[in-house]
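Everything below concerns the one structure shown next.
Every number in this text was worked out from the coordinates using simple rules, so none of it is lab data. Quick caveat: nothing in here was measured; it's all calculated off a predicted structure. Heads up, the Cβs are rebuilt from the backbone with ideal geometry, glycines too, and the neighbour counts pull from every protein chain shown.
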Ligand code: HEC
Ligand code: HEC
């Protein structure tokens, strides 16, 4: 079962956290301060000041960082980002610094932050160099583009888009993410520590994948360059093969 692969991955994110933790506490204080004292004349409450607390880990424009577990936010659909902030606030996703940061923020405030990052268009990092053999890469590409009908695994592109840039309003792109982040998220869906609005299609899909599948799709996705115009596909332009509560059709 997945625990064979994931314990090391689950605990590794805690190591790089030791350094940002100090920054995070300051950041948390800043957020609380912004909320509690929005009218304070000496601290202008602009969206740029609100996201100061986020950029230490997610990059100045939400482009992500070299840390394998700090994801890109820029350009993901606003409702997707908003759903995630709600998921952290309400415990459907668990990462203590994120859970802590959003605990006291209102829906409206989170929506503004989500919209801000969805409009950011910083360049994508160069695609990762493949670190696995060509058969693993080919298997990853095959699952992403065609799925595996015999095992009822739909193609990832059926929902995430042929260009892997996601679909409005709430399906994220899968380009520009690190391999370890992708496999950690799929692992979290399998173990139940990440949940989405029911019906949780990603939970269904994640539990149909083997460890080898997860590794193969994560590596292949991380080696893909972003397309020239990396915007999410329009809402309802793809008919999702499974029902997803976060993307009603
Ligand atoms: C200490 C570092 C840190 C700080 C500060 C931080 N984040 Fe995060 N954030 C993370 C990590 C790590 C994850 C992935 C957690 C996981 O594994 O689920 C994440 C996940 C997210 C996600 C989900 C991304 C996705 O693609 O699913 C959103 C949205 C997000 N953060 C927004 C914010 C916002 C907004 C702020 C500022 C209020 C913020 N973060 C501050 C580290 C941080
Ligand atoms: C039936 C539609 C559907 C299919 C097929 C699908 N996904 Fe998803 N995926 C979603 C939705 C919806 C979300 C957002 C869930 C949420 O709100 O947390 C998502 C989110 C994700 C995320 C989280 C991204 C992030 O930034 O944290 C990853 C990783 C992912 N999917 C990978 C895959 C892979 C790999 C496949 C193919 C094996 C796949 N998905 C197939 C609908 C789908």
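Quick look at the values:
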{"quantity": "Label point distance in nm, residue 55-residue 207, each placed 7 Å from Cα along Cα→Cβ", "calculated": "4.2"}
{"quantity": "Amide N of the range 69-103 lying under 20 Å from the label point, which is placed 7 angstrom from the Cα of residue 131 along Cα→Cβ", "calculated": "69-72"}
{"quantity": "Extension gain, residue 48 back to residue 99 (0.36 nm per residue minus Cα-Cα distance, nm)", "calculated": "16.3 nm"}
{"quantity": "Relative packing of peptides 154-161, 67-74, 215-222 - highest average C-beta neighbours within 10 Å first", "calculated": "215-222, 67-74, 154-161"}
{"quantity": "Mean Cβ count within 10 Å, highest first, over the residues of peptides 112-122, 232-242", "calculated": "112-122, 232-242"}
{"quantity": "Cα convex hull of the range 62-184, projected area averaged across orientations, nm²", "calculated": "8.6"}
{"quantity": "Residues residue 138 and residue 107, FRET efficiency given R0 of 41 Å [Cβ-Cβ distance, rounded to 0.05]", "calculated": "0.40"}
{"quantity": "Taking the convex hull of Cα positions in the range 134-222, its mean projected area over all directions (nm²)", "calculated": "5.5"}
